[in-house]
1. Please determine, by comparing only the residues of region 125-137 that are at negative phi and in contact with a Lys or Arg (Cβ under 8 Å, 6 or more places away or on another chain), which one is surrounded by the most Cβ atoms within 10 Å (Cβ to Cβ).
2. Over 19 Å from Gln81 (Cβ atoms), at pLDDT 85 or above, more than 16 Å from the chain's Cα centre (by Cα) and exposed (fewer than 12 other Cβ atoms within 10 Å of the Cβ) - does that describe any residue in region 152-169?
3. State whether one or more residues within region 82-99 are modelled with pLDDT of 90 or more and farther than 21 Å from Cys126 by Cβ.
Amino acid sequence: MSSAVVALPVTTRWKYRPTPDIDEQIRAAYRRQRLGDRHALAAVSRRLGWPRYAVVRRGAELGVSRTKERPWREEEEEILQRCGHQPLSAIQRALAGAGFQRSLTAIRVKMTRLHIKSNLDGYSACSLATAFGVDTHKVLAWIRRGLLRADRRGTNRSEAQGGDTWWIPRREVKRFVMAAPEEIDLARVEKFWFLDLLTDGRICR
């Protein structure tokens, strides 16, 4: 099976797009690294034609990177609470702007333990797409098909800006998961978020 990078239109914001085969190769590299192979990530980077930072970022998104974390400071937790509705990458940038360096995995795990997403009680179409590992258009298609119930947020965005945005209550996301499991690729979802959703936050208690 080929592991070549999937070609995307030049308008996409993501230069390195994963496939199930690529994700499995990255998982395998991290398994080898934990067994003592210090060159595992460099090897998979060369094989995929991806730079190391892209492999590390995807490893964080898959939840397979493991690092010993230093204790979180109160200022960091305040940033998580304030920016919890944003994508993980945006939260990471907010932390970096305040002088704190945290991996995407560390941010995801800490937010789950603090129940920040559940406190928000809902998701934008964009943030839900990130959680499911799909394109935003996929989430919008679920809404159009009536599989996923959503509400307009009542913003003042013009049609040129894409119109008013959607807000999907957490309870409706869980209902969708239970009613339409065939729509979900478990290899692509954010693991900790998904477990937190299905267990109503009990997984990290």
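1. Applying the first criterion (at negative phi) to region 125-137 yields 125-132, 134-137.
Going one step further and asking which of them are in contact with a Lys or Arg (Cβ under 8 Å, 6 or more places away or on another chain), we end up with 129, 132, 134.
Numbers: Ala129: 19, Phe132: 24, Val134: 18.
Out of the qualifying residues, it is Phe132.
2. no
3. Taking every residue of region 82-99 in turn, at least one turns out to be modelled with pLDDT of 90 or more and farther than 21 Å from Cys126 by Cβ.
The values are calculated or read from the model by the stated rules, or taken from the named source; none is laboratory data. Please read all numbers here as calculations on a predicted model, not as lab measurements. Cβ: placed from backbone, ideal geometry, glycine included. Neighbour counts: every protein chain shown.
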